[in-house]
Amino acid sequence: MPVVSQPENVTWWMIAILVIATIMIGIASIIIFTGVSKNVLDASYFTAAALLDASSLGSDVGISAHVQPFTGAFYAVMGTAVVDGLAKSVIVGFVLAEFISFITNIDVRAKFGLIMKKSEKNHIIVCGYSMLAERLCRDLADKKRRFVVIEKDPERANAVRDMGYDAINGDPTDKQALEEASISTAKAVVFATESDFINLLGVVTARHMNNRVKIITRAMEGSTVTKMHRGGANFCIVPEAVAGTELGSRIAGG
Amino acid sequence: MPRQQLSNHVIVCGYGRVGEKVVETLIARGIKFVVIEIDPKKCSRIRELSYTVVEGDATQSRNLREAGIESASAIAVAIDDDAKNLFTVLTARDLNKKLFIAARANEEFVREKLVEAGADYIVMPQRAASAEIIKELEKE
């Protein structure tokens, strides 16, 4: 319950604070600056007039016919003027508060991200935020390459966003997620999950959707490499094999 | 056993995906090696290939001695477990001060620890693969 009613409470608080602040500032400024009156009651009159009906407070006392001219006898109509003024203030305050809450509730990042994704071109799609993808994203960011990550796990997808990268929460073997990542205009797709099955499925789906895109995939076992190529991958890599070759060459060379 | 007479050879700890490639590279360069592997199934496969193998835990100095660590020129520590690799590097450095130690690390933070433990060269599969992928992306 408190969770639900909280936003409304905020709105009403805002209205109250806005109205009170406006009136106080008005009264204070009239007393301090204009010198028309040093009397608080007179100053409230000018404030109400200025806020609600004044067209030219500066010259003489140009107040519209709605409020009586300042003759000193205005106290007779003050009751009406105050009620009228308060009603208008509440309306103005309410509209303002609603506007503010509307502005603050817009998820600027999500909207911006959507626009960005729509116009994405020549980018790289990284599928599955594994340890390899983590490293790859860091390297791509260092090289100022544009990329978007597709990650199935919502929490991990959020973690990717927290890193400041673009992320789509979805299944990388699914057409919809790849479409959302603009595969049709992408330069390359990298499948980096730790499952040969998911990677292969992704490779086939991606190849089916875009015939020209460069597809790079990771394989867990050397035996899957040929399958990946047959599925449509341009480049297949087994990180452990790369590391093993590097270790062996280093030992053999030095 | 012939491995007692081996010298200037390379010890490969762990015959997994990394270790297998290390062995492949060493064979291609004609370098003598001994494998230490804990898994009996993998050991029998290695024997079938007629490579020299010590069946046991590479973190134990007994097994490292059996593989001839005192007279070896280098060791490739390629177990799929950062903690075990660290332990093996420590033990190996203890047994032979001049040995060239190359080790695999999965996590970034283990890298420094391996160096502190005495490793001369570290390879990280993810980092190496990422570099290859970037190279591939930059083609054309």
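For residue B:93, only one of the following conditions fails: (1) part of a helix (DSSP H, G or I); (2) over 16 Å from the mean Cα position of the chain (by Cα). What is its number?
In the conditions (1) part of a helix (DSSP H, G or I); (2) over 16 Å from the mean Cα position of the chain (by Cα), residue B:93 misses (2) alone.
Name the single residue that is nearest to the chain's Cα centre (by Cα) among those in region A:168-204 being buried (at least 24 other Cβ atoms within 10 Å of the Cβ) and part of a helix (DSSP H, G or I).
Per the stated criteria, the residue is A:178.
For region B:96-122, which positions are more than 30 Å from residue B:5 (Cβ to Cβ) and within 12 Å of the chain's Cα centre (by Cα)?
Those that are more than 30 Å from residue B:5 (Cβ to Cβ) and within 12 Å of the chain's Cα centre (by Cα): B:105, B:122.
Being of a type in the set (Val, Ile, Thr), in a helix (DSSP H, G or I) and in the same structural domain as residue A:128 (by TED's automatic domain parsing) is the requirement here; does residue A:160 meet it?
Against the criterion (of a type in the set (Val, Ile, Thr), in a helix (DSSP H, G or I) and in the same structural domain as residue A:128 (by TED's automatic domain parsing)), residue A:160 qualifies.
Across region A:211-231, what is the total count of residues that are away from chain B (no Cβ under 11 Å) and surrounded by 19 or more Cβ atoms within 10 Å (Cβ to Cβ)?
Residues meeting the conditions: 4.
Which count do you get for residues in region B:73-104 that are touching an Asp or Glu at 6+ places or on another chain (Cβ under 6 Å) and farther than 18 Å from residue B:10 by Cβ?
1
Take region A:148-164 and flag every residue that is over 19 Å from residue A:219 (Cα atoms) and crowded, with 22+ Cβ neighbours inside 10 Å.
A:148, A:160 - these are the residues of region A:148-164 that are over 19 Å from residue A:219 (Cα atoms) and crowded, with 22+ Cβ neighbours inside 10 Å.
If you go through region B:51-94 one residue at a time, how many are of a type in the set (A, V, I, L, M, F, W, C) and within 13 Å of residue B:119 (Cα to Cα)?
Residues that pass the stated criteria total 10.
Go through the residues of region A:70-81 one by one and say whether even a single one is closer than 30 Å to residue A:13 by Cα, surrounded by fewer than 20 Cβ atoms within 10 Å (Cβ to Cβ), at pLDDT 80 or above and not assigned by TED's automatic domain parsing to the domain that holds residue A:239.
No.
Limited to region B:96-140, what total is found for residues that are facing chain A (nearest Cβ under 8 Å), outside any loop (DSSP other than H, G, I, E, B) and not hydrophobic (A, V, I, L, M, F, W, C)?
8
Go through region B:11-21 and count every residue that is within 20 Å of residue B:93 (Cα to Cα) and either surrounded by fewer than 24 Cβ atoms within 10 Å (Cβ to Cβ) or facing chain A (nearest Cβ under 8 Å) (or both).
Selection size over region B:11-21: 1.
The values are calculated or read from the model by the stated rules, or taken from the named source; none is laboratory data. For clarity, every value in this text was computed on a predicted model and none was experimentally measured. Note that we place each Cβ from the backbone using ideal geometry, even for glycine, and neighbour counts take in every protein chain shown.
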